[in-house]
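Asker: Input: one structure, supplied below.
Nothing in this text is a laboratory measurement; each read-out follows from the coordinates by a stated rule. Everything numeric in this text was worked out from a predicted model, so none of it was measured. Note that each Cβ is placed from the backbone with ideal geometry, even for glycine, and that neighbours are counted across all protein chains shown.
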Amino acid sequence: MRLQFKHQKFQQDATNAVCDIFAGQPYSSINYRLDSGDNIVLHDNAWANAKVQIDDNTILERINKIQRENQIAVSKKLEGKYNLTIEMETGVGKTYTYIKTIFELNKRYGWSKFIIVVPSVAIREGVYKSLQITQEHFAQEYSKKIRFFVYNSQRLNEIESFASDNAINAMIINSQAFNAKGKDARRIYMELDEFRSRKPIDVIAKTNPILIIDEPQSVEGPKTKEGLKKFNPLFILRYSATHKKDSIYNMVYRLDAVEAYNKKLVKRIAVKGITQKGITATEGFVYLEKINLSEKAPTAMLQFDVKGATTIRKKTMKVNEGFNLYDNSGELDEYKNNYVVSSINGKEDYIEFLNGKRVYIGQVCGEVNEEQLRRIQIRETILSHLDMEKKLYNKGIKVLSLFFIDEVSHYKQYDEAGQAQNGIFAKMFEEEYEKVLNEFQLDLDSDSYREYLENISANKTHAGYFSIDKKGRMQNGKISKKENTSEDVDAYDLIMKDKERLLSFGEPVRFIFSHSALREGWDNPNVFQICTLKQSNSEIRKRQEVGRGLRLCVNQKGERMDETVLGEDVQDINTLTIIASESYDSFAKALQNELAEVLENRPKVVSRELFEGKIIKNNKGNQIIIDKDMVDTIYYDLVSNKYIDRKGNLTDKYYEDRKEDNIEFSPEIKEYTSSILDIIDSIY
């Protein structure tokens, strides 16, 4: 399979936001002599980026104009010469956007030397893969290809080529390669005999490279900022979804979490929260899996303990009102106290027993240990996976699920002879998969999907993606304390090389076990379930956790299933389910708090200041700057039509009319309605 790429307006807008700043810059590059430390000429045809020839006042004016067009606070000064910030939500194609920006800067101005600075191996490998898979796509558009490589202090010939080649060149480099204390990191600053007594940093700096910083909030400590200056950058572009407040310089484009969701550019998020209620063995174990309202009378899938010949085991059954757990458990004492289903409430998602106890979907009642909770999470992930797969199989969309774990030994273990064996989570998965599949296949009406399931065994449909030691064994790998992400190349090599293969129905792997620290740099558009099987108290930010599955899915042709293909159904099909080891409310609150951090600088009410000085377009595309008189007209219309209250909050009437496309302004500003509404939509 080859992934297909579309031209999307927001990515072009982000590219233009950078490139338009330098309009009028002559198309050129600088040819110079690349020599050794003792001035022996090695090349007469080394190339560098030409200096910016636009004066600073004009650059600032351009930045301000673009900021007004994009409803971003206007910068009062140039912050560095030059630093430009681009905010793009996870999953919308940030890497694609800055690769496109590289091509466009080259096309317009002839600049050809670029350095992409990344904070971790994961992101480095992700960037390298993106450059690979987009190569043909951009070659068709620009009739050029980028020569790209990962910086390695032992491969100095690549730096030589970077300087001497007049094509587009991109070097990907970890920040640790120039700001760490290790011997390998110091080599970039050393005069090396094998590099003809030159310092690699000097050769790089002479090219006046454009720096692209991927995830600057993870890169730019004080030492890194000083190290970046030594590259002698022409200017710096910063791309992230989560910029730190103190490192936002001249922001020129913003597509944050709310806008990405509203524009249907990412998956919708659903949460299955698994919580424990009751802690004593005297309370019977009950887990409510789901409620089914499609039958004549509501039923529920209920898990409870059942007495066997020698042991107590857990059993899942479809139950209706009047179902008696005591009778059906083999008369276990913990169900003796009126554990009879008295009602099934599909509206509020709970069942109630005659003893007054209520159990909500996702709740576990009674005594339950860590292992049992993990088993329930795995079962719920499989159930969600199969429900989504049943829906999408005939549309040619493969469904993937991702488990995050903290210890490789929980997935794979090795005996004294080095033979691999399933760890506890792999065992649980195979057991639960077989059980769930047997129940699930009873309701299937698609012969082709049934055949697909029958041809995939439980042990073939899951795989682990971890670092590999010299004996070929999976291992936890090294973890960067600063970023809490793995530093092992092997882990990410394996994941990235399998990205397209994982999307094919011919590949049986559908369930992926990986290290919980894999938070950035890898994602797959067809991850529809994420389950975190934590055995420790390590904190993973919710947005990083869900970010691995936010991209819109693709079909077997590699086509992106976005709004242009699916229309209004785009987020019904593109739904990411999180199986959380906490309540829905707890997970949602944590995620909302993180989103609130992102939105802190956005306007919270409609005020006159929201509009004044902004650039808007009419129906013909002509632009004007909103003056004071126009502000008064807009504000009067909003008040008189009861679209805002006395405090400037948007009213229900606004949202109703907005949904029906029924908002109208006074005749003199009516032709600017679309642009005015874009400004109002920046309110959350």
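Asker: Report the gain in length on full extension from SER28 to LYS230: 0.36 nm times residue separation, minus Cα-Cα distance, nm rounded to one decimal. Write down the numbers at each step before the final one.
Answerer: Working: separation 202, 0.36 × 202 = 72.72 nm, distance 2.35 nm.
Gain on extension, SER28 to LYS230, equals 70.4 nm.
Asker: Starting with the fewest neighbours, write out PHE285, PHE114 ranked by other beta-carbon atoms found within 10 Å of each beta-carbon. Mind dumping the intermediate values first?
Answerer: Values: PHE285 22, PHE114 27.
Ascending Cβ contact count within 10 Å gives the list PHE285, PHE114.
Asker: To continue, here is another question. Which semi-axes, in whole Å and largest first, does the equivalent ellipsoid of the chain have when worked out from the alpha carbon gyration tensor as the square roots of 5 times its eigenvalues? Show your work: numbers first, answer last.
Answerer: Values: eigenvalues 485, 254, 87 Å².
After diagonalising the Cα gyration tensor, the semi-axes are 49, 36, 21 Å.
Asker: Same structure again: Using 7 Å Cα-to-Cβ label points, what is the SER666/GLU331 separation (nm, one decimal)?
Answerer: Output for this residue pair reads 8.5 nm.
Asker: Sorted from fewest to most neighbouring beta carbons within 10 Å, what does the list MET190, MET428 look like? Please report the intermediate quantities before stating the final value.
Answerer: Working: MET190 14, MET428 21.
Fewest to most other Cβ atoms nearby, the residues stand as MET190, MET428.
Asker: OK, next. Using helices alone, what [θ] at 222 nm do you get for the chain, with -39,500 (n - 2.57) per DSSP H run of 4 or more residues, divided over all residues and rounded to the nearest 500?
Answerer: My calculation for the chain gives -9500 deg cm²/dmol from helical runs alone.
Asker: Rounded, prolate or oblate: which one fits region 279-365, using the alpha carbon gyration tensor with axes a ≥ b ≥ c (rounded when a/c is under 1.5, else prolate when a/b beats b/c, else oblate)? Could you put the intermediate results ahead of the total?
Answerer: Values: a/c = 1.78, a/b = 1.58, b/c = 1.13.
Verdict is prolate for region 279-365.
Asker: Rounded to the nearest 0.05, what FRET efficiency is calculated for LYS76 and GLU609 with R0 set to 22 Å and r the Cβ-Cβ distance?
Answerer: On the way: r = 16 Å, r/R0 = 0.71.
With R0 = 22 Å, the Cβ-Cβ based efficiency is 0.90.
Asker: Quick check on packing: order 662-672, 314-324 by the mean number of other C-beta atoms within 10 Å, highest mean leading. Let's see the in-between values first.
Answerer: Values: 662-672: 13.5, 314-324: 15.3.
Going from most to least packed, we get 314-324, 662-672.
Asker: Also, I was wondering about something else. Would you mind pulling out the separation of the Cα centroids of region 85-105 and region 182-252, in Å?
Answerer: Centre-to-centre (Cα) distance: 19 Å.
Asker: Considering only DSSP beta bridges where both residues belong to the chain, give the percentage that are antiparallel (nearest 5).
Answerer: Percentage antiparallel, nearest 5: 45.
Asker: Here's a follow-up. Evaluate 2.2 N^0.38 Å with N set to the residue count of region 311-402, then give the Cα radius of gyration divided by it.
Answerer: Working: Rg = 16.4 Å, N = 92, 2.2 N^0.38 = 12.3 Å.
In units of the 2.2 N^0.38 Å rule of thumb, it is 1.33.
Asker: Step through the table entries LYS77/LYS223; LYS628/LYS659; LYS51/LYS557; LYS264/LYS412; LYS206/LYS263, compare each Cα-Cα distance with 32 Å, and write down the pairs that go over it. Write down the numbers at each step before the final one.
Answerer: Details: LYS77/LYS223 25 Å; LYS628/LYS659 28 Å; LYS51/LYS557 43 Å; LYS264/LYS412 38 Å; LYS206/LYS263 42 Å.
Over 32 Å apart, Cα to Cα: LYS51/LYS557; LYS264/LYS412; LYS206/LYS263.
Asker: Could I ask something else about it? ASP447 to LYS315: extension gain in nm, 0.36 nm per residue of separation minus the Cα-Cα distance? List each step's numbers first, then the result.
Answerer: Details: separation 132, 0.36 × 132 = 47.52 nm, distance 2.79 nm.
Going from the current span to full extension adds 44.7 nm.
Asker: Using θ = phi - 60° and the Karplus form 6.51 cos²θ - 1.76 cosθ + 1.60, what ³J(HN,Hα) does each residue of region 411-422 get, whole Hz, x for Gly and Pro?
Answerer: Per-residue couplings from phi come out as 10, 9, 10, 10, 7, 4, 8, x, 7, 6, 9, 5 Hz.
Asker: Could you give the C-alpha radius of gyration of region 9-255 expressed as a fraction of 2.2 N^0.38 Å, taking N as the number of residues it contains?
Answerer: Working: Rg = 17.5 Å, N = 247, 2.2 N^0.38 = 17.9 Å.
Rg over 2.2 N^0.38 Å, computed on Cα atoms: 0.98.
Asker: Sticking with this one: Arranged by the count of other C-beta atoms within 10 angstrom, fewest first, what order do PHE425, PHE404 take?
Answerer: Result, fewest neighbours first: PHE404, PHE425.
Asker: Shifting gears a bit: How would region 186-239 be classified by its alpha-carbon gyration tensor: rounded, prolate or oblate, with rounded meaning a/c under 1.5 and the a/b versus b/c comparison settling the rest?
Answerer: Values: a/c = 2.99, a/b = 1.82, b/c = 1.64.
Because a/c hits 1.5 or more and a/b exceeds b/c, region 186-239 counts as prolate.
Asker: I would also like to ask the following. Quick one: grab the alpha carbon gyration tensor of region 608-680, order the square roots of its eigenvalues as a ≥ b ≥ c, and give me rounded if a/c is under 1.5, else prolate or oblate depending on whether a/b is larger than b/c.
Answerer: Because a/c hits 1.5 or more and a/b fails to exceed b/c, region 608-680 counts as oblate.
Asker: Give the Rg (one decimal place) followed by the Dmax (whole number) of region 165-267, computed from C-alpha coordinates and expressed in Å.
Answerer: Every Cα atom of region 165-267 included, Rg and Dmax give 17.0, 57 Å.
Asker: With a 10 Å radius around each residue's Cβ, average the other Cβ atoms per peptide and rank 204-213, 3-12, 615-624, highest first.
Answerer: Working: 204-213: 23.1, 3-12: 15.0, 615-624: 13.0.
Listed from highest to lowest mean packing, they are 204-213, 3-12, 615-624.
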